[in-house]
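Undergrad: My questions all concern the structure below.
The values are calculated or read from the model by the stated rules, or taken from the named source; none is laboratory data. Note that this is a predicted model, so its numbers are computed, not measured. Virtual Cβ from ideal backbone geometry, glycine too; neighbours counted across all protein chains shown. Surface areas here come from the heavy atoms of the whole protein model, side chains and all, with no ligands, DNA or RNA. Shrake-Rupley method; radii C 1.70, N 1.55, O 1.52, S 1.80 Å.
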Amino acid sequence: MRINKKWLVIFLVLISFITVAGIYLSRVNIPVLEPKGPVADKEFRLLVGITAIMLIVAVPVFLLLAYVVWRYREDNPKRGQYVPDWEHSRWLEGLWWVIPTILILIVSVISWNASYALNPYRPILTSKKALVIQAVSLDWKWLFIYPDQHIASVNLVEFPLKTPVHFYLTSDAPMNSFWLPQLSGQIYTMAGMQTQLYLASDVIGNFTGRSANLSGAGFAGMQFIAKSVKKGTFDSWVERVKTHSLELSLSAYRKLERPSSYMPVTYYANPAKGLFGDIIAKYMVPYGQAHENMGGVSS
Amino acid sequence: MMIHHLSTTFGSLLGRLSLKWLPHDPITAFGAILLAAVPIGAALLITYTKRWRWLYREWLTTQDPKRIGIMYIIVAILMGLRGLADVILIRTQQALSSGSNHGILTASHFQQIISAHGTIMIFFVAMGLMFGIINLIVPLQIGARDVAFPFLNATGFWLFFAGMALINVSLIIGDFSATGWLAYPPLSELKYSPTVGVDYWIWSLEIAGIGSLLAGINFVVTIIKKRVKGMSLMKMPLFCWSVLGSMSLVIFAFPILTVTLTLLALDRTIGTHFFTAGYGGNMMMYVNLIWAWGHPEVYILVLPAFGIYSEVAAVFSRKKLFGYASMVWAIWAIVILSFIVWLHHFFTMGAGSDVNAFFGIMTMIIAVPTGVKLFNWLFTMYKGKLNMKTPLYWLIAFVVVFTIGGMAGVLMAVPPVDFQLHNSLFLVAHFHMMIVSGVLFGYFAGITYWYPKFLGFKLNERLGRYAFWSWLVGFLLAFVPLYILGFMGATRRLDHYSSSLGWQPLFVVAAIGVVFIIAGVIFQILQLIVSIWQRNGELKAGHDPWDGRTLEWSLPTPIPVYNFARLPEVSTRDAYWEAKKTNYIDDRPYEPILIPKNSPLGLVIAAGAFIFGFAVVWHIWWLAVLGLAVSIFGLIYRSMDEHTEYKLSAAEVKQMDQMRFQEIKS
């Protein structure tokens with residue numbers, strides 16, 4: 001059999017391209033596909049499952065397309081029969097109204113249940129008490145307040161592994177989206193409003209998080225590190241921060257909230273009492289009526 | 001506060017405008033000079049060739065949808081080149097800006113460019129190509145001599161032009177919005193975006209949007225009222241069905257855009273608090289409203305392209321369109337569903353599980369009618385005789401790319417999966433796959449297909465093929481890496497990223513993809529030039545070069561101003577295809593035809609709107625009043641005019657028609 005040179009070249013280019021891509025991808029970290037916590041893990045499984053169901057329609061489309069284009073092109077000597085007036089088939093058309101409908105029905109049920117199961121506000125059920133962290137997006141950094149530990153940190157959030165972490169989030173800047181892909185999906189942070197998110201990590205490790213919603217000039221620098229550590233390490237970290245850091249008084253906060261980009265990791269002790277609530281309330285009218293609306297956060 | 005605001009801005013005769021707003025950095029200055037050179041160069045050329053009178057009479061004042069359509073397409077192509085220049089800067093920046101290297105652009109400049117890219121590509125390229133092709137084709141396909149409201153239609157075009165002009169002026173004086181193509185508040189509010197950028201964005205879209213609404217009204221009425229005798233709705237060419245769906249969406253969706261932009265403009269200009277953070281403003285109201293327009297907008301663009309694919313599939317398979325009725329139902333299912341899915345753009349807002357699940361499921365259901373359409377196109381080709389020309393290539397590439405992009409879409413319709421993909425480059429890859437294959441490829445196919453009908457010669461096939469392959473390879477290289485980058489945690493609109501993340505190689509591949517796309521565009525430009533060169537040779541086309549099926553191919557080329565000397569009579573779908581089977585000789589008598597007179601008032605109204613927009617952007621209040629007065633004067637003057645048409649007598653029509661008939665014979 002004579003091999004067409006053109007196709008051989010295309011084939012070789014494709015193969016080498018795929019090989020290089022494969023080597024590259026096996027060496028880099030792909031957070032969404034390598035979940036390290038129960039929430040991100042369920043989200044990943046859902047992603048794989050839905051993709052598999054969709055391939056039931058997509059693969060026939062690709063095969064049919066390839067077959068039809070090969071078989072019925074005008075210059076094919078073995079071209080199939082030409083039927084110019086064939087325009088309707090109740091049976092066939094019914095088939096592709098019904099089969100995708102059934103598949104979408106299945107996906108819908110999965111999706112409805114998943115939407116409840118993976119609601120970011122839904123607590124992760126374990127015997128351990130959740131660690132509460134209040135996250136605030138600022139121009140252009142993340143502030144994490146630990147109301148029960150009486151510490152705060154910027155652009156770094158640390159928590160013990162295998163413990164649910166309960167985030168309360170807001171913004172003292174334009175809207176941002178909190179995203180820590182290896183542990184959980186996103187939730188918006190909005191000024192004057194509070195959102196919540198539960199996540200947990202199964203392993204010890206450092207994970208990269210960032211804002212996923214454009215918030216101004218320093219937006220690209222809104223990257224933070226999430227450290228999942230052993231309980232003991234966490235406790236000694238809290239002690240260290242408490243004793244060795246500046247206080248996050250109201251005046252220190254006012255300095256902190258001023259726009260700055262690529263701010264290095266910073267720790268604070270003793271955040272001002274009710275700071276998180278005050279940040280939300282400052283956007284409320286009239287000022288100060290929002291405190292009972294704090295979602296039962298002790299602060 | 002409001003009064004204070006007004007008194008300070010009334011203070012200066014030039015408002016906020018001053019020379020310090022001319023570009024300072026070399027990249028913007030170069031762009032501005034290049035941009036200014038286009039109209040200045042064109043004006044010089046017209047003066048040199050003494051063509052002003054011709055331009056005024058034949059183009060600027062025309063009411064003929066065939067000419068308006070061509071003007072839309074020219075504007076869209078020029079804007080496409082500007083959008084491509086933005087792409088080059090974006091891809092260069094992201095390929096370089098890793099670790100200690102911060103690339104060639106500042107963050108704010110980069111954000112202005114991504115905002116301009118999105119805005120221009122959607123409003124002035126995709127919309128322009130769409131309205132262009134609709135203007136050219138719809139009246140011909142329904143056997144009409146004109147659109148229902150020719151003046152409204154012309155005004156719509158000139159408002160589109162005014163919006164386009166305003167967005168380009170922002171490159172020369174002032175700055176542009178740096179808040180993404182949909183300018184979410186509170187970032188787009190005065191507090192965080194105090195310069196004129198967001199105002200340029202608002203007024204450019206406000207003006208162009210009203211133009212789109214006018215055009216939408218015109219085409220809905222045209223299709224409903226102006227069909228030729230015998231063409232019941234279910235005998236219309238499918239392109240017309242898709243346009244009817246799309247234009248109905250325009251009528252319902254664009255007023256939402258107009259109101260939303262107005263409210264944001266009020267916030268920014270007179271100090272209201274509709275969407276501000278604080279003072280009772282609700283930013284998420286804006287996000288809801290803008291997507292209540294924005295999601296239908298996607299279908300506004302894609303439906304006419306679906307219509308083109310339906311025409312191309314039938315003509316180039318030399319076979320009837322498969323499942324016509326299914327196709328019509330699918331269009332209307334999409335039209336209705338497109339209004340109840342908007343919340344899927346912000347599942348991450350923190351709405352409840354049931355709200356998210358509802359909108360997710362509505363979104364997935366759209367996959368059903370879309371899938372039906374894909375299968376029907378495949379079965380149109382099945383048992384056909386495929387004439388493998390470029391339009392069919394675009395269709396085949398579309399089926400592949402759109403299916404992949406559509407799968408990504410269903411994936412993101414599942415709220416918890418979307419939590420991981422929202423605003424990531426996965427999303428960017430998804431919607432480019434949908435819009436580039438579903439819209440741009442469709443309009444490429446349509447332009448190649450209908451080109452000979454208007455210009456009398458085909459486009460060079462070989463160069464078209466080169467353009468196709470460059471585009472397809474470039475497109476896949478540019479966007480497949482973005483899917484992976486999304487999985488890697490890369491979000492959209494990043495002007496810089498840490499080198500430790502390992503993203504850079506993929507950004508470099510995406511940049512290489514753009515090099516291929518540029519090659520594709522160069523081939524397309526070459527194709528145009530070479531085809532003009534070869535127009536009297538093998539590319540010369542008669543009035544029906546593709547063995548067409550619908551009424552436009554029954555007309556002589558070039559098409560006379562009245563389209564049909566004698567209105568055809570239609571009794572089936574594919575009316576011209578059926579007519580060619582019989583040897584019918586039309587010997588009915590000619591009748592007089594009314595033709596709309598040229599009018600400069602559409603241009604005047606749009607010029608007033610442009611002046612108004614520019615003045616409001618810069619707070620030059622006396623000029624804003626003047627601009628508005630010009631527009632209102634134009635409207636009133638036009639409504640007083642009772643002599644808007646002239647009559648061609650039956651004898652004149654007969655003479656013109658027979659002259660053309662002889663030209664075809666000889």
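Undergrad: Since B:His117 meets every condition but one in (1) open to solvent by 20 Å² or more (accessible area, probe 1.4 Å); (2) over 23 Å from A:Ala220 (Cα atoms), which condition does it not meet?
TA: (2)
Undergrad: Can you confirm whether the stretch A:264-273 contains a residue that is farther than 29 Å from A:Ser201 by Cβ, assigned by TED's automatic domain parsing to the domain that holds A:Ile151 and within 29 Å of the chain's Cα centre (by Cα)?
TA: There is no residue in the stretch A:264-273 that is farther than 29 Å from A:Ser201 by Cβ, assigned by TED's automatic domain parsing to the domain that holds A:Ile151 and within 29 Å of the chain's Cα centre (by Cα).
Undergrad: Still on this model: If we scan the stretch A:45-60, do we find a residue that is free of Cβ contacts under 8 Å to residues at least 24 places away in the same chain, in contact with a helix residue (DSSP H, G or I) (Cβ under 6 Å, 6 or more places away or on another chain), within 26 Å of B:Ala314 (Cβ to Cβ) and at the interface with chain B (Cβ under 8 Å from one of its Cβ atoms)?
TA: yes
Undergrad: Could you check B:Tyr192 against (1) open to solvent by 10 Å² or more (accessible area, probe 1.4 Å); (2) within 16 Å of the chain's Cα centre (by Cα); (3) of a type in the set (Ser, Thr, Tyr) and say which number it fails?
TA: That leaves (2) as the condition not met.
Yes or no, residue by residue, for (1) at pLDDT below 95; (2) more than 13 Å from every other protein chain (Cβ to nearest Cβ):
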residue	(1), (2)
B:Asn423	no, no
B:Tyr443	no, yes
B:Thr448	no, yes
B:Leu455	yes, yes
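Undergrad: Looking only at strands (runs of 3 or more DSSP E) that lie completely in the stretch A:177-229, which have at least 1 residues being facing chain B (nearest Cβ under 9 Å) and surrounded by 24 or more Cβ atoms within 10 Å (Cβ to Cβ)? So that I can check it myself, show each step before the final result.
TA: Details: elements: A:184-189, A:195-199, A:205-211, A:223-229.
By residue number, A:184-189, A:195-199, A:205-211.
Conditions tested, residue by residue: (1) out of contact with any Lys or Arg (no Cβ under 6 Å at 6 or more places or on another chain); (2) in contact (Cβ under 8 Å) with a residue 24 or more places away in the chain; (3) within 18 Å of A:Arg45 (Cα to Cα).
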site: A:Val98; (1), (2), (3): yes, no, no
site: A:Thr101; (1), (2), (3): yes, no, no
site: A:Ile106; (1), (2), (3): yes, yes, yes
site: A:Trp112; (1), (2), (3): yes, no, yes
site: A:Asn119; (1), (2), (3): yes, no, yes
site: A:Ser127; (1), (2), (3): yes, no, no
site: A:Leu131; (1), (2), (3): yes, yes, no
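Undergrad: So B:Tyr72 fits all but one of (1) assigned to a helix (DSSP H, G or I); (2) open to solvent by 20 Å² or more (accessible area, probe 1.4 Å); what number is the exception?
TA: It fails just one condition, (2).
Undergrad: Given the conditions (1) touching a helix residue (DSSP H, G or I) at 6+ places or on another chain (Cβ under 9 Å); (2) at pLDDT below 90; (3) within 27 Å of B:Leu187 (Cα to Cα), and given that A:Asp278 satisfies all but one, which numbered condition is not satisfied?
TA: (2) is the only condition that A:Asp278 fails.
Undergrad: Of the residues that make up the stretch B:499-519, is at least one open to solvent by less than 20 Å² (accessible area, probe 1.4 Å), in contact with a strand residue (DSSP E or B) (Cβ under 8 Å, 6 or more places away or on another chain) and within 14 Å of chain A (Cβ to nearest Cβ)?
TA: Yes: the stretch B:499-519 contains one or more residues that are open to solvent by less than 20 Å² (accessible area, probe 1.4 Å), in contact with a strand residue (DSSP E or B) (Cβ under 8 Å, 6 or more places away or on another chain) and within 14 Å of chain A (Cβ to nearest Cβ).
Undergrad: I would also like to ask the following. Report yes if B:Gly216 is modelled with pLDDT of 95 or more, in contact with an Asp or Glu (Cβ under 9 Å, 6 or more places away or on another chain) and of a type in the set (Gly, Ala, Ser), otherwise no.
TA: Working: modelled with pLDDT of 95 or more: yes; in contact with an Asp or Glu (Cβ under 9 Å, 6 or more places away or on another chain): no; of a type in the set (Gly, Ala, Ser): yes.
So B:Gly216 does not fit the description; no.
Undergrad: Mind counting the residues in the stretch A:26-39 that are at the interface with chain B (Cβ under 7 Å from one of its Cβ atoms) and either surrounded by fewer than 16 Cβ atoms within 10 Å (Cβ to Cβ) or not β-branched (Val, Ile, Thr) (or both)? Write out each step before concluding.
TA: Quick first cut of the stretch A:26-39, residues at the interface with chain B (Cβ under 7 Å from one of its Cβ atoms) only: A:28-33.
Subsequent filtering for residues that are either surrounded by fewer than 16 Cβ atoms within 10 Å (Cβ to Cβ) or not β-branched (Val, Ile, Thr) (or both) retains A:28-29, A:31, A:33.
Qualifying residue count, the stretch A:26-39: 4.
Undergrad: Could you list, in sequence order, all residues of the stretch A:81-122 that are in a helix (DSSP H, G or I) and in contact with a Leu (Cβ under 7 Å, 6 or more places away or on another chain)? Before you say what the answer is, go through the steps one by one.
TA: Initial filter on the stretch A:81-122 (in a helix (DSSP H, G or I)): A:90-117.
Answer for the stretch A:81-122, where residues must be in a helix (DSSP H, G or I) and in contact with a Leu (Cβ under 7 Å, 6 or more places away or on another chain): just A:Ala114.
Undergrad: Next question, about the same structure. Taking the stretch B:190-225, which residues are in contact with a helix residue (DSSP H, G or I) (Cβ under 6 Å, 6 or more places away or on another chain) and within 14 Å of chain A (Cβ to nearest Cβ)?
TA: The answer is B:Leu190, and nothing else.
Yes/no per residue for (1) surrounded by 23 or more Cβ atoms within 10 Å (Cβ to Cβ); (2) among the aromatic types (Phe, Trp, Tyr); (3) within 19 Å of the chain's Cα centre (by Cα):
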{"site": "B:Trp291", "(1), (2), (3)": "no, yes, yes"}
{"site": "B:Pro304", "(1), (2), (3)": "yes, no, yes"}
{"site": "B:Tyr309", "(1), (2), (3)": "yes, yes, yes"}
{"site": "B:Val312", "(1), (2), (3)": "yes, no, no"}
{"site": "B:Val315", "(1), (2), (3)": "yes, no, no"}
{"site": "B:Arg318", "(1), (2), (3)": "no, no, no"}
{"site": "B:Ala325", "(1), (2), (3)": "no, no, no"}
{"site": "B:Ala333", "(1), (2), (3)": "no, no, no"}
{"site": "B:Asn356", "(1), (2), (3)": "yes, no, no"}
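Undergrad: For the stretch B:634-654, indicate whether the set of residues that are surrounded by 20 or more Cβ atoms within 10 Å (Cβ to Cβ), free of Cβ contacts under 8 Å to residues at least 40 places away in the same chain and in contact with a helix residue (DSSP H, G or I) (Cβ under 6 Å, 6 or more places away or on another chain) is non-empty.
TA: Looking for residues that are surrounded by 20 or more Cβ atoms within 10 Å (Cβ to Cβ), free of Cβ contacts under 8 Å to residues at least 40 places away in the same chain and in contact with a helix residue (DSSP H, G or I) (Cβ under 6 Å, 6 or more places away or on another chain), one finds at least one in the stretch B:634-654, hence yes.
Undergrad: What residue, among those in the stretch A:109-131 that are within 28 Å of B:Val414 (Cα to Cα) and away from chain B (no Cβ under 12 Å), is surrounded by the fewest Cβ atoms within 10 Å (Cβ to Cβ)?
TA: Within the stretch A:109-131, the subset within 28 Å of B:Val414 (Cα to Cα) is A:109-126, A:130.
In the following step, the residues that additionally are away from chain B (no Cβ under 12 Å) were identified as A:123-126, A:130.
Values: A:Pro123: 11, A:Ile124: 17, A:Leu125: 8, A:Thr126: 12, A:Ala130: 16.
Among those that are within 28 Å of B:Val414 (Cα to Cα) and away from chain B (no Cβ under 12 Å), it is A:Leu125.
Undergrad: So in the stretch B:1-60, with the set limited to residues that are in a loop (DSSP other than H, G, I, E, B) and closer than 29 Å to B:Phe110 by Cβ, which one is modelled with the lowest pLDDT?
TA: Of everything passing the filter in the stretch B:1-60, B:His24 is modelled with the lowest pLDDT.
Undergrad: Something else: All but one of (1) crowded, with 24+ Cβ neighbours inside 10 Å; (2) more than 14 Å from chain A (Cβ to nearest Cβ) hold for B:Gly174; state the number of the condition that does not hold.
TA: Every listed condition holds for B:Gly174 apart from (1).
Undergrad: From the list B:Ile365, B:Ile361, B:Ile404, B:Ile396, which residue is more than 26 Å from B:Ala292 (Cα to Cα), within 9 Å of another protein chain (Cβ to nearest Cβ), out of contact with any Gly (no Cβ under 7 Å at 6 or more places or on another chain) and among the β-branched types (Val, Ile, Thr)?
TA: On the way: B:Ile365 fails: more than 26 Å from B:Ala292 (Cα to Cα); B:Ile361 fails: more than 26 Å from B:Ala292 (Cα to Cα); B:Ile404 fails: more than 26 Å from B:Ala292 (Cα to Cα).
Result: B:Ile396 is the single residue among B:Ile365, B:Ile361, B:Ile404, B:Ile396 that is more than 26 Å from B:Ala292 (Cα to Cα), within 9 Å of another protein chain (Cβ to nearest Cβ), out of contact with any Gly (no Cβ under 7 Å at 6 or more places or on another chain) and among the β-branched types (Val, Ile, Thr).
Undergrad: Identify all residues within the stretch B:411-421 that are within 7 Å of another protein chain (Cβ to nearest Cβ), of a type in the set (A, V, I, L, M, F, W, C) and surrounded by 24 or more Cβ atoms within 10 Å (Cβ to Cβ); write none if there are none. Before the answer, list the steps.
TA: Going through the stretch B:411-421, the residues within 7 Å of another protein chain (Cβ to nearest Cβ) turn out to be B:411, B:414-417, B:419-420.
With of a type in the set (A, V, I, L, M, F, W, C) added as a condition, the list becomes B:411, B:414, B:417, B:419.
Of everything in the stretch B:411-421, those that are within 7 Å of another protein chain (Cβ to nearest Cβ), of a type in the set (A, V, I, L, M, F, W, C) and surrounded by 24 or more Cβ atoms within 10 Å (Cβ to Cβ) turn out to be B:Val414, B:Val417, B:Phe419.
Undergrad: Evaluate the stretch B:463-479: report whether one residue or more is open to solvent by less than 10 Å² (accessible area, probe 1.4 Å), closer than 22 Å to A:Arg27 by Cα and in contact with a strand residue (DSSP E or B) (Cβ under 8 Å, 6 or more places away or on another chain). Explain how you work it out, then say what you get.
TA: Pass one, the stretch B:463-479, residues open to solvent by less than 10 Å² (accessible area, probe 1.4 Å): B:464, B:467-468, B:474-475, B:478.
Cutting the leftovers down to closer than 22 Å to A:Arg27 by Cα gives us B:478.
Now restrict to residues that are in contact with a strand residue (DSSP E or B) (Cβ under 8 Å, 6 or more places away or on another chain): none.
No.
Undergrad: Residue by residue through the stretch A:72-108, note down the ones that are at the interface with chain B (Cβ under 7 Å from one of its Cβ atoms), buried (at least 18 other Cβ atoms within 10 Å of the Cβ), within 22 Å of B:Ile366 (Cα to Cα) and not aromatic (Phe, Trp, Tyr).
TA: A:Glu93, A:Pro100, A:Ile104, A:Val107, A:Ser108
Undergrad: Still on this structure, please answer the following. Going through B:Tyr584, B:Tyr637 one at a time, which residue ends up being assigned to a loop (DSSP other than H, G, I, E, B) and among the aromatic types (Phe, Trp, Tyr)? Show your work before the answer.
TA: Numbers: B:Tyr637 fails: assigned to a loop (DSSP other than H, G, I, E, B).
Unique residue meeting the criteria: B:Tyr584.
Undergrad: Among the listed residues A:Ser228, A:Ser177, A:Ser211, identify the single one that is on the phi < 0 side of the Ramachandran plot, under 14 Å from the mean Cα position of the chain (by Cα) and in contact (Cβ under 8 Å) with a residue 40 or more places away in the chain.
TA: Details: A:Ser228 fails: under 14 Å from the mean Cα position of the chain (by Cα); A:Ser177 fails: in contact (Cβ under 8 Å) with a residue 40 or more places away in the chain.
The match here is A:Ser211.
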